[in-house]
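Report on the following structure.
The values are calculated or read from the model by the stated rules, or taken from the named source; none is laboratory data. Note that the coordinates shown come from a computational prediction; the quantities given were computed from them, not determined experimentally. Cβ: placed from backbone, ideal geometry, glycine included. Neighbour counts: every protein chain shown. All accessible areas refer to the heavy atoms of the entire protein, side chains included, with ligands and DNA or RNA removed. Shrake-Rupley method; radii C 1.70, N 1.55, O 1.52, S 1.80 Å.
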Amino acid sequence: MTINLLLRYTGIGSTFLERFLPRMRIRGFIQPLPQMDNSTMDKTDAKILNVLQTDASQSSQEIADLIGIDENDCVNRIKKLEADKVILQRVALVDPRKVGANMTAFVAITTPEHSQEWLDQFHSVVSNLPEVVEFYRMSGQVDYLLRVVVPDIEAYDAFYKKLISSTKLMDVSSTFAIEQIKFTNNLPVTITE
């Protein structure tokens, strides 16, 4: 079997793929994902991002004091980070147990087709299901992976029925989280100088 493909990646080459797909011959080329040129960001910007990722409710004066810069410089840097879409939005993190989102399910979906019309319809359906808090298109055996939060198994069953009635799917497989070991929205900020 030969696979002709265009891969978009952040550092995985065909050697990696050949190791995991040993019986398949891979032809094609690798195209890196476009990366943000963070050469305009410096260590001070990284410190600001780390503070904001931990607690975005702090005032610009508090942030400036924490990292040792002038408040005006801090405000200007935050505005630039927002204008450059480095900071996408500022949000409040909510305790899932206190709002009835007690159960987390990871839903692996395999689809029967990949036409643009079908994909657009599927993306629209899933994006409008409020129980879906994360939605990924995957490589490998599974086409999509969803992270779904619901109050209990009955609510999950209702979600599942909505999902499978909304579009044609080949396989839907769910696993349920027993314990959350780590959760963070803080991304590691890497500055190359």
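Here THR184 meets each of (1) surrounded by 11 or more Cβ atoms within 10 Å (Cβ to Cβ); (2) outside any helix (DSSP H, G or I) with one exception, condition (1). Looking across the stretch 64-90, the residues that are open to solvent by 90 Å² or more (accessible area, probe 1.4 Å) and in contact with a Ser or Thr (Cβ under 9 Å, 6 or more places away or on another chain) come down to ASN72, LYS80, ARG90. Taking the conditions exactly as written (within 23 Å of ALA56 (Cα to Cα), modelled with pLDDT under 95, loosely packed, with under 12 Cβ neighbours inside 10 Å and in contact with a helix residue (DSSP H, G or I) (Cβ under 8 Å, 6 or more places away or on another chain)), does LEU93 satisfy them or not? It is false that LEU93 is within 23 Å of ALA56 (Cα to Cα), modelled with pLDDT under 95, loosely packed, with under 12 Cβ neighbours inside 10 Å and in contact with a helix residue (DSSP H, G or I) (Cβ under 8 Å, 6 or more places away or on another chain).
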